[in-house]
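Undergrad: What follows is a structure written as structure tokens; I'll ask about it next.
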Amino acid sequence: MQLIEQTMPQENLDQLINKALNFYINQNLSENLKEELRIGAIERAEGDLKNNFHSQVNKTLHITPASKGSGYQEISINHDSVIADIPNQK
């Protein structure tokens, strides 16, 4: 500190100290805020996973078959032709 006081005029030293303190405070607040946001995000994600998992486990899957002829092609019958892109030969 003595070396800085010897090489800088007093008004510049005051500005330097003020800038250094502001930087330190802002940096410290920024790091604390980032940590709080990180912890909050993790807690929300864990809660979302827990709630979503339990609601999905208890659901029953219902599949309604489509009516015959409702699709562009009957894939179940012409599977190989459709995959190979061969026109349907009826």
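Undergrad: Would you please give the FRET efficiency between MET8 and LYS34, computed as 1/(1 + (r/R0)^6) with r the Cβ-Cβ distance and R0 = 35 Å, to the nearest 0.05?
TA: In this case the efficiency is close to 0.60.
Undergrad: For SER67 paired with LEU16, estimate the spin-label separation in nm (one decimal), with each label point 7 Å from Cα along the Cα-to-Cβ line.
TA: Those two pseudo-labels are separated by 8.6 nm.
All of the numbers you see were taken from the coordinates with simple rules; none came from a lab. Remember, it's a predicted structure, so these values are computed and weren't measured experimentally. Glycine gets a Cβ as well: all are built from the backbone with ideal geometry, and neighbour counts include every protein chain shown.
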